[in-house]
1. What translational diffusion coefficient, to the nearest whole µm²/s, does region 34-274 have by Stokes-Einstein, given a Kirkwood radius computed over alpha-carbon pairs, a temperature of 37 °C and 0.692 mPa s viscosity?
2. What ranking do 180, 227 get, fewest neighbouring Cβ atoms within 10 angstrom at the top?
3. Could you tell me whether region 78-213 comes out rounded, prolate or oblate from its Cα gyration tensor? Rule is a ≥ b ≥ c as square roots of the eigenvalues, rounded for a/c under 1.5, then prolate if a/b exceeds b/c, otherwise oblate.
4. Roughly what angle does helix 180-193 make with the longest principal axis of the chain, taking Cα atoms, 0 to 90 degrees, to the nearest 10?
5. Treat each spin label as a single point 7 Å out from the Cα along the C-beta direction, and report the residue 271 to residue 123 distance in nm.
6. So for region 149-204, Kirkwood radius off the Cα pairs, Stokes-Einstein at 37 °C and 0.692 mPa s: how many µm² s⁻¹?
7. So in the chain, what percent of DSSP beta bridges are antiparallel if you round to the nearest 5?
8. In the calculated pair distance distribution of region 191-260, what percentage of Cα-Cα distances lie above 16 Å?
């Protein structure tokens, strides 16, 4: 695989977002089915090897859960994919042609990778609708923003996103008045407004009620297929609800991978993680 200078120069296989008037971020070559390749990734911090020749492949449209004990390398892996951390060695490709190690965080986001951290970050003094409007992928230069008026297609996209995250009834409510779970959904909606191909979700149900956790599981299952999701989570009940494939990290490498039932019964996983 060879890098291209323009991260959106090669397009193939893009599918429209059901119900949306625009297509997802173009330019990701998924002709070989996989959308993300991590090959021999190593990262060290002050002598500690956070990732140790990590190998991971994620298929387009997949919902992959990543689990493992603290210090296993889960956050560092997400940092490498999103460009926050540069690997000491190895390659990271988005599709067949986009070398993420050569791009900035902003370029990676523009190429179609969105990341959500554990703590929700929303504009609390703005309404739910305004948060989605601000997140929309448009010209953000001052003059364009000052004179921007939403057209009907943009309003439809916001309305459809509100329905998807089940916040249509709260569109005019300040985001600061939402519950913790609703803020998490709003931030996911803000990511969707940026039209990502790949979503990185870090402990998305931490602090949620049981009902909010159940709703989040259903939301993720509806997103999979159109989007690719990588979910780092410690809630094993939640993982069991959503994942077809679970990857277990330990000491910076893949310890086990497969269906949840297979992983749960792997004696190595029980010893280093589930048995604790």
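1. The calculation lands on 175 µm²/s.
2. The order, fewest Cβ neighbours first, is 180, 227.
3. The shape class here is oblate.
4. Rounded to the nearest ten degrees, it is 80.
5. Distance between label points: 5.3 nm.
6. Reported coefficient: 271 µm²/s.
7. Of all bridge pairs located within the chain, approximately 55 percent are antiparallel.
8. That fraction is 51 percent.
We did not get these values from a lab; they are worked out from the coordinates using the rules stated. Note that the coordinates shown come from a computational prediction; the quantities given were computed from them, not determined experimentally. Backbone-built Cβ (ideal geometry, glycine too); neighbour counts: all protein chains shown.
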